[in-house]
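Engineer: Before I ask anything, let me first share the structure, which is written out below as structure tokens.
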């Protein structure tokens with residue numbers, strides 16, 4: 001997995017991936033998200049050291065899910081969305097909004113990805129999120145200009161750690177000229193569009 005999640009950020013081998021919903025007035029979660037999520041994961045019977053956990057105030061029951069597949073390669077993408085914290089890239093930095101909103105996006109591909117391909121996958125997921133936000137006409141709460149995301153968005157990309165069968169190879173790249181990149185972009189964009197529509 002590759003992510004900047006509050007728990008388990010970076011490139012890691014993990015067993016559990018979670019997108020945990022919190023109440024927006026939960027001070028423990030807002031003050032110390034990593035330790036809060038570690039306790040949640042531990043209480044659920046899992047090892048925080050083998051877990052990546054995202055956190056959101058959006059309703060996880062309204063998650064949007066989309067798939068894309070072709071020529072034996074499959075991708076799934078899950079998105080939860082809120083945008084009361086919408087910002088445009090380059091907006092002046094400042095404190096969180098009174099009611100933070102987050103777009104969390106999880107993308108999984110059924111082919112192993114080398115480190116450069118994992119980075120490309122995260123970049124494609126971010127492009128898909130940005131396009132969905134722009135298409136929805138969401139404005140930055142800071143500048144009023146078209147938003148490109150929120151100030152607390154998180155993306156996680158998951159792939160098998162190694163090839164699982166004969167003929168399966170590790171993808172070194174997954175830009176938009178590759179099948180893996182095409183499918184990641186399609187699934188991520190569809191899930192983000194649906195999640196944003198459900199949050200309005």
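Engineer: Going residue by residue through segment 114-122, is there one that turns out to be out of contact with any strand residue (DSSP E or B) (no Cβ under 8 Å at 6 or more places or on another chain), in a helix (DSSP H, G or I), in contact (Cβ under 8 Å) with a residue 40 or more places away in the chain and within 26 Å of residue 200 (Cα to Cα)? Full working, then the answer.
Structural biologist: Filtering segment 114-122 down to residues out of contact with any strand residue (DSSP E or B) (no Cβ under 8 Å at 6 or more places or on another chain) leaves 116, 120.
From what's left, in a helix (DSSP H, G or I): 116, 120.
This time we only want the ones that are in contact (Cβ under 8 Å) with a residue 40 or more places away in the chain, so: 116, 120.
If we keep only those that are within 26 Å of residue 200 (Cα to Cα) too, we end up with none.
No, segment 114-122 contains no residue that is out of contact with any strand residue (DSSP E or B) (no Cβ under 8 Å at 6 or more places or on another chain), in a helix (DSSP H, G or I), in contact (Cβ under 8 Å) with a residue 40 or more places away in the chain and within 26 Å of residue 200 (Cα to Cα).
Engineer: Among the candidates 197, 190, 180, 125, which residue alone is in a helix (DSSP H, G or I) and touching a helix residue (DSSP H, G or I) at 6+ places or on another chain (Cβ under 6 Å)?
Structural biologist: Details: 197 fails: touching a helix residue (DSSP H, G or I) at 6+ places or on another chain (Cβ under 6 Å); 190 fails: touching a helix residue (DSSP H, G or I) at 6+ places or on another chain (Cβ under 6 Å); 180 fails: touching a helix residue (DSSP H, G or I) at 6+ places or on another chain (Cβ under 6 Å).
Result of the check over 197, 190, 180, 125: 125.
Engineer: Just to be sure before I move on: is residue 141 in a loop (DSSP other than H, G, I, E, B) and either at pLDDT below 95 or buried (at least 20 other Cβ atoms within 10 Å of the Cβ) (or both) in the structure I sent? Explain how you work it out, then say what you get.
Structural biologist: Details: in a loop (DSSP other than H, G, I, E, B): yes; either at pLDDT below 95 or buried (at least 20 other Cβ atoms within 10 Å of the Cβ) (or both): yes.
Against the criterion (in a loop (DSSP other than H, G, I, E, B) and either at pLDDT below 95 or buried (at least 20 other Cβ atoms within 10 Å of the Cβ) (or both)), residue 141 qualifies.
Engineer: Another question, if that's okay. Inspect segment 40-61 for any residue being over 18 Å from residue 118 (Cα atoms), over 16 Å from the mean Cα position of the chain (by Cα) and crowded, with 20+ Cβ neighbours inside 10 Å and give the result as yes or no.
Structural biologist: Checking segment 40-61: at least one residue is over 18 Å from residue 118 (Cα atoms), over 16 Å from the mean Cα position of the chain (by Cα) and crowded, with 20+ Cβ neighbours inside 10 Å.
Engineer: When residues of segment 8-32 are filtered for being in contact with a strand residue (DSSP E or B) (Cβ under 8 Å, 6 or more places away or on another chain) and within 21 Å of residue 61 (Cα to Cα), how many remain?
Structural biologist: Residues of segment 8-32 in contact with a strand residue (DSSP E or B) (Cβ under 8 Å, 6 or more places away or on another chain): 8-12, 14-22, 29.
Remaining after also requiring within 21 Å of residue 61 (Cα to Cα): 16-22, 29.
Final tally of qualifying residues: 8.
Engineer: Can you list the strands (runs of 3 or more DSSP E) lying wholly within segment 1-94 that have 1 or more residues being free of Cβ contacts under 8 Å to residues at least 40 places away in the same chain, over 23 Å from residue 133 (Cβ atoms) and touching a helix residue (DSSP H, G or I) at 6+ places or on another chain (Cβ under 8 Å)? Walk me through how you get there before you give the answer.
Structural biologist: Details: elements: 16-21, 51-56, 64-70, 73-81.
Output list reads 16-21.
Engineer: Determine whether segment 183-197 contains at least one residue that is surrounded by fewer than 22 Cβ atoms within 10 Å (Cβ to Cβ), without any contact (Cβ under 8 Å) to a residue 12 or more places away in the chain and either closer than 22 Å to residue 5 by Cα or over 21 Å from the mean Cα position of the chain (by Cα) (or both).
Structural biologist: Scanning segment 183-197, I find no residue that is surrounded by fewer than 22 Cβ atoms within 10 Å (Cβ to Cβ), without any contact (Cβ under 8 Å) to a residue 12 or more places away in the chain and either closer than 22 Å to residue 5 by Cα or over 21 Å from the mean Cα position of the chain (by Cα) (or both), so the answer is no.
The values are calculated or read from the model by the stated rules, or taken from the named source; none is laboratory data. Being a predicted model, the structure only gives us computed values, none of them experimental. Cβ coordinates were reconstructed from backbone atoms using ideal geometry, including for glycine residues, and neighbour counts include every protein chain displayed.
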